[in-house]
Ligand SMILES: Nc1nc2c(ncn2[C@@H]2O[C@H](COP(=O)(O)OP(=O)(O)OP(=O)(O)O)[C@@H](O)[C@H]2O)c(=O)[nH]1
Ligand SMILES: [Mg+2]
């Protein structure tokens, strides 16, 4: 009965067929042709995926080849001046490099300052009312058309109770209510799933803001207490603003960038 | 008792493969054509189906993996521990747990996204949501890359584990490396384990099977163990330890007394002491191996003493046996001794267990008491006795030689011949062989005919004599006998009748009534017969409730008063009360239904038409009114006289309004498609149609197929 590495054991005991290495060599040699044939024949999404994969493989191949050849390759020489040739009185100069660092920090600071007033998505396509709302006809004869159903994702607070149907002008369907958002910290480059606290500003309209509608570019407030962020004055920040970067009604989730 | 067959676990695809499998399946098995012009509900259900289907496929796949892999808590502790050392229990459980979590996540995603699709208001939006849903599910799968890869490795390894049954009769070989365990296994079984002159040749458990006393024995070869504490043992050694710890078996502790293995006898003894606790409750044999190199007798005295002290330490059920795999000295003795010991122990355990009671209760052994002091010995015929004496007390075995031709120089055949024909009766088969074998000679069965006179036996019987077939005259007086039989039967019948006449049935009925009863009974019988003959009920029956009263529908006379009266009269029943009751019921029902006044009148009118007799239940004025109305209605429309329920009801008559009528008409037009259970877009039907490229152009010389 075959147990464990029975194939290897069989090879050991009885050897392999005599042309085994030859066959293997040939198979490998044929591989390039087979691949080429396939890549010419394939089409559609499969082709796209296949070429993507091949591209990656080739890139890594090129890199490894370059690594192997490193010694033979010619590099541009960074140190134009040999070390020993520098006169002694110039040795402790740092000169240019330091100035560069300074300017960099200044730039960085400016950027950060500017960042305070800038949002990642400055321009937002406004959402029209008739896209946002669907008319719900009411009344026994469905002749009244004063009710609106919100067709986008919304945020509705925890203790929200619907109004009496007679007074409920805007219906926010519970299937489209969102509680959590995937928030990316732009500096840490990491994403967290955080609770939404409220909708701060929907750039399209104040009405949308009041309704808590989240579209692309909406600024929302998220609960960041888990992240342990600290404000400049040393307090722990528990809520921060974030801007929605996707169309939640198309993706089924809210993606946002933290505004820092 | 579970059988451990880990070979049946299905292959675990890698994460990218799994994603491919799932998406391809969705593409293949769900409808693919959708247009923005479709009704939104149709578009939504199209995409919802895609999401749901993908989720189902993933759940099924992951569920199968989780199901297939053995649960470490449920399997035999031997296997559980083995899995623990080989694959690391925590890792194993974590991997399966993660798959389970992934399954849950996928289900959650599908639920959420389907809920979102329900609010989709355009094809684009639904499509985006579907895309997002499938993408998220696939991401979940991709995250399981490591777990899936690990499980696939585990599966491969598990499937190559030897098929080891932890509960059967087992011999276990253990000892230091290189002492000759695998050589022994190869000698007693067909295990074919690798044998090499270096340590740790065997790196995992191996199994071979051998026979002893017509029973199957399982011999397990273990990797060698070194003498150090348990914590320092590596995976290879741990396998032996686990086998020792969990299997009930006979242990063969193999020692190399030639010390060719690289370990001294002292070291081997120390290992024995080290693992002694594992030998508790087991049959133990210390086997001193390689006695061809270093015979046991010429071993130095102190070393021999050392070994003997070790054997003594092993307790009562520990013995010492010398063996050599090269010369095969003692190999089968060792095997037999071990098997014998284990078999005894197993039987003892069986008897000692409480399960034995259930068997013993059903067994009872009787020892007959001697009745008197008379000796009753077996009867042996004189001839046999004589022969026994001749043969020197041993009877000669009579060899059955059925179907074999006796050879010329067969010593036994000669022996038979000398014994004489008196002793052995020649059978027809023997004769056949003597006369040339089958096909040449066949026995004459006439010799065994049982006739009055023996000389008749071989008389030839002609088929035809005097132009007549003798078979026709086999029984010359058959006619007489037949006549006698018939006479007898007649007699018997007469007697029966006479017996009946003697005590006729007491009846208090007049002859007329009796005739009626007989008639009724006859009719009943015929009715029953007719019913039974026509009752081929080989089709689905619709309940009465839905079928309606078929009789009423098709038999106009069924509710006709006259008909009823006639039929009841036939049966001898007064029908007037029945009719009265039926009518009052009808009236009641009509009132309840709240039919239009017109209909109610109509019904009443017909009722009165049919039966102009007194209405006890109604007052005089009411009756008058009814008659007047009836007259009026007659003037209005003579056709209303007809019973309405005989006609197939039109839509209007059913009391449907315009709206429902329209839908009903539409349903009728659409036929089966309008049904809830009709074919939908998910049903993969391919109509027969002409494929253009197959049916146009040249059809010669292969061009037709090559295009
Ligand atoms: N002279 C002699 N050599 C033997 C005998 N039995 C085994 N050997 C030799 O001992 C060596 C080791 O035998 P194995 O059967 O591989 O020993 P093992 O106990 O299975 O070793 P591991 O699997 O490494 O634990 C081989 O070279 C055998 O030829 C014997 O009875 N006499
Ligand atoms: Mg071995």
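Within segment B:91-113, can one find any residue that is within 30 Å of residue B:209 (Cβ to Cβ) and in contact with a helix residue (DSSP H, G or I) (Cβ under 7 Å, 6 or more places away or on another chain)?
Yes.
Answer yes or no: is there a residue in segment B:173-183 that is assigned to a helix (DSSP H, G or I), over 23 Å from residue B:85 (Cβ atoms), in contact (Cβ under 8 Å) with a residue 60 or more places away in the chain and within 12 Å of ligand 1 (Cβ to nearest atom).
yes
Assess whether residue B:177 counts as being surrounded by fewer than 21 Cβ atoms within 10 Å (Cβ to Cβ), within 21 Å of residue B:267 (Cβ to Cβ) and near ligand 2 (Cβ under 9 Å from one of its atoms).
Yes.
With respect to residue A:180, is the statement that it is in contact (Cβ under 8 Å) with a residue 60 or more places away in the chain and in the same structural domain as residue A:239 (by TED's automatic domain parsing) true?
Spelling it out, residue A:180 is indeed in contact (Cβ under 8 Å) with a residue 60 or more places away in the chain and in the same structural domain as residue A:239 (by TED's automatic domain parsing).
Please go through (1) away from chain B (no Cβ under 14 Å); (2) surrounded by 11 or more Cβ atoms within 10 Å (Cβ to Cβ); (3) at pLDDT 90 or above for residue A:167 and return the number of the only condition it doesn't satisfy.
Unmet condition: (2).
Can you find, within segment B:186-196, the residue that is farthest from the other protein chains (Cβ to nearest Cβ) among those that are more than 8 Å from ligand 2 (Cβ to nearest atom) and crowded, with 16+ Cβ neighbours inside 10 Å?
Here the answer is B:187.
Looking at segment B:202-236 only, could you name the residues that are within 14 Å of chain A (Cβ to nearest Cβ), over 37 Å from the mean Cα position of the chain (by Cα) and over 25 Å from residue B:333 (Cβ atoms)?
Of everything in segment B:202-236, those that are within 14 Å of chain A (Cβ to nearest Cβ), over 37 Å from the mean Cα position of the chain (by Cα) and over 25 Å from residue B:333 (Cβ atoms) turn out to be B:203, B:223, B:235, B:236.
Restricting attention to segment B:72-105, which residues are within 14 Å of chain A (Cβ to nearest Cβ) and more than 34 Å from the chain's Cα centre (by Cα)?
B:86, B:105
Quick grid of which residues meet (1) within 23 Å of residue B:83 (Cα to Cα); (2) touching a residue at least 24 places away in the same chain (Cβ under 8 Å); (3) outside any loop (DSSP other than H, G, I, E, B):
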{"residue": "B:166", "(1), (2), (3)": "yes, yes, no"}
{"residue": "B:198", "(1), (2), (3)": "no, no, no"}
{"residue": "B:224", "(1), (2), (3)": "yes, yes, no"}
{"residue": "B:238", "(1), (2), (3)": "yes, yes, yes"}
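Condition check: within 14 Å of chain B (Cβ to nearest Cβ) and surrounded by 10 or more Cβ atoms within 10 Å (Cβ to Cβ). Does residue A:9 satisfy that?
Criteria met by residue A:9.
Can you tell me which residues in segment B:131-173 are more than 12 Å from every other protein chain (Cβ to nearest Cβ) and in contact with a strand residue (DSSP E or B) (Cβ under 6 Å, 6 or more places away or on another chain)?
Residues satisfying the conditions are B:168, B:169, B:170, B:171, B:172, B:173.
Do you know which residues across segment B:115-130 are crowded, with 21+ Cβ neighbours inside 10 Å and either in contact (Cβ under 8 Å) with a residue 40 or more places away in the chain or more than 9 Å from chain A (Cβ to nearest Cβ) (or both)?
B:117, B:120, B:126, B:129, B:130
Residue by residue, here is whether (1) in contact with a helix residue (DSSP H, G or I) (Cβ under 7 Å, 6 or more places away or on another chain); (2) on the phi > 0 side of the Ramachandran plot; (3) at pLDDT 90 or above holds:
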residue	(1), (2), (3)
B:227	yes, no, no
B:240	no, no, yes
B:277	no, no, no
B:295	no, no, no
B:298	no, no, no
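With the checklist (1) more than 18 Å from residue B:81 (Cβ to Cβ); (2) more than 44 Å from the chain's Cα centre (by Cα); (3) more than 14 Å from every other protein chain (Cβ to nearest Cβ) in hand, flag the one item residue B:275 doesn't pass.
For residue B:275, the exception is condition (1).
Are there helices (runs of 4 or more DSSP H) fully within segment B:14-113 with at least 3 residues that are closer than 30 Å to residue B:683 by Cα? List them.
Qualifying helices (runs of 4 or more DSSP H): B:15-29, B:40-68.
Go over the candidates B:199, B:146 one by one and state the one that is more than 16 Å from ligand 2 (Cβ to nearest atom) and either farther than 30 Å from residue B:40 by Cβ or at pLDDT below 95 (or both).
None of the other options fit; the residue is B:146.
Kindly evaluate residue B:192 against the criterion of being outside any loop (DSSP other than H, G, I, E, B) and either assigned by TED's automatic domain parsing to the domain that holds residue B:252 or near ligand 1 (Cβ under 9 Å from one of its atoms) (or both).
no
Please state which of the following conditions residue B:244 fails to meet, knowing it meets all the rest: (1) more than 14 Å from chain A (Cβ to nearest Cβ); (2) within 16 Å of ligand 1 (Cβ to nearest atom); (3) outside any helix (DSSP H, G or I); (4) modelled with pLDDT of 90 or more.
(3) is the only condition that residue B:244 fails.
Name the residue, out of A:156, A:213, that is within 14 Å of chain B (Cβ to nearest Cβ) and within 26 Å of residue B:115 (Cβ to Cβ).
On inspection, the qualifying residue turns out to be A:213.
Please determine whether any residue of segment A:238-247 is part of a helix (DSSP H, G or I), out of contact with any strand residue (DSSP E or B) (no Cβ under 6 Å at 6 or more places or on another chain) and within 14 Å of chain B (Cβ to nearest Cβ).
No, because not a single residue in segment A:238-247 is part of a helix (DSSP H, G or I), out of contact with any strand residue (DSSP E or B) (no Cβ under 6 Å at 6 or more places or on another chain) and within 14 Å of chain B (Cβ to nearest Cβ).
Given the conditions (1) within 28 Å of residue B:10 (Cβ to Cβ); (2) buried (at least 21 other Cβ atoms within 10 Å of the Cβ); (3) more than 11 Å from ligand 2 (Cβ to nearest atom); (4) not assigned by TED's automatic domain parsing to the domain that holds residue B:92, report the number of the one that residue B:151 does not fulfil.
Tallying (1) within 28 Å of residue B:10 (Cβ to Cβ); (2) buried (at least 21 other Cβ atoms within 10 Å of the Cβ); (3) more than 11 Å from ligand 2 (Cβ to nearest atom); (4) not assigned by TED's automatic domain parsing to the domain that holds residue B:92, residue B:151 fails exactly one: (4).
The values are calculated or read from the model by the stated rules, or taken from the named source; none is laboratory data. Here the structure is a predicted model, which means the values were calculated and not measured. Cβ sites come from the backbone with ideal geometry, for glycine too, and all protein chains shown count toward neighbours.
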